[in-house]
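The values are calculated or read from the model by the stated rules, or taken from the named source; none is laboratory data. No experiment lies behind these values; they were computed from the predicted model shown. Neighbour counts run over all protein chains shown; Cβ positions are idealised from the backbone, glycine included.
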C-alpha cells in the first residue's frame, strides 16, 4: 500500500517554483477593476443635477425589483448618493421653505405705491 502512494507521488512533477509569500500578500490586496459600463467618477459626481420626482420613483421601483445601487445608477443616470437619498426619502417633493420676508405685506405695498407715485420716485430705483 505504501508503495502505491510513493509511486503515484513520484510520477507527478514537483511545482517549478513555489509561490512566494509576497505574491500571496499582493494577491490578497488587489481588487478587480470595475466593469467597463460603470464610470465610478460619474456615479460619485458631487455636481450632478437634481434628480426629478420621476427619477427618484424609478430608483425606488428598480430597487424593489432587486437591483443594486450601481445597476440602478447605470440605468437611470443618477449618482450613487442620489439613489441612496431616493431610497431613504419619499418620492414626492415637499415645498421648499423660503426665507421669511423682512418686510410685511403692508410695508412692501407702501414702498411700491411710493415708487409709482411720481416720475422722480421711479427714477430713484
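Residues checked against (1) outside any loop (DSSP other than H, G, I, E, B); (2) at positive phi; (3) at pLDDT 70 or above; (4) in contact with a strand residue (DSSP E or B) (Cβ under 6 Å, 6 or more places away or on another chain):
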| site | (1), (2), (3), (4) |
| --- | --- |
| 17 | no, no, no, no |
| 25 | yes, no, no, no |
| 28 | yes, no, no, no |
| 34 | no, no, no, no |
| 92 | no, no, yes, no |
| 97 | no, no, yes, no |
| 108 | yes, no, yes, no |
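Could you look through segment 90-111, keep only residues that are surrounded by 10 or more Cβ atoms within 10 Å (Cβ to Cβ) and free of Cβ contacts under 8 Å to residues at least 24 places away in the same chain, and pick out the one that is farthest from the chain's Cα centre (by Cα)?
That would be 110.
Looking at (1) free of Cβ contacts under 8 Å to residues at least 24 places away in the same chain; (2) buried (at least 16 other Cβ atoms within 10 Å of the Cβ); (3) assigned to a helix (DSSP H, G or I); (4) out of contact with any helix residue (DSSP H, G or I) (no Cβ under 6 Å at 6 or more places or on another chain), can you tell me which one residue 82 breaks?
All conditions pass for residue 82, except number (1).
Given the conditions (1) over 16 Å from residue 50 (Cα atoms); (2) out of contact with any helix residue (DSSP H, G or I) (no Cβ under 7 Å at 6 or more places or on another chain); (3) surrounded by 12 or more Cβ atoms within 10 Å (Cβ to Cβ), report the number of the one that residue 63 does not fulfil.
Only one criterion in (1) over 16 Å from residue 50 (Cα atoms); (2) out of contact with any helix residue (DSSP H, G or I) (no Cβ under 7 Å at 6 or more places or on another chain); (3) surrounded by 12 or more Cβ atoms within 10 Å (Cβ to Cβ) is unmet by residue 63, namely (2).
Exactly one condition in (1) at pLDDT 85 or above; (2) in a helix (DSSP H, G or I) is not met by residue 122; state its number.
(1)
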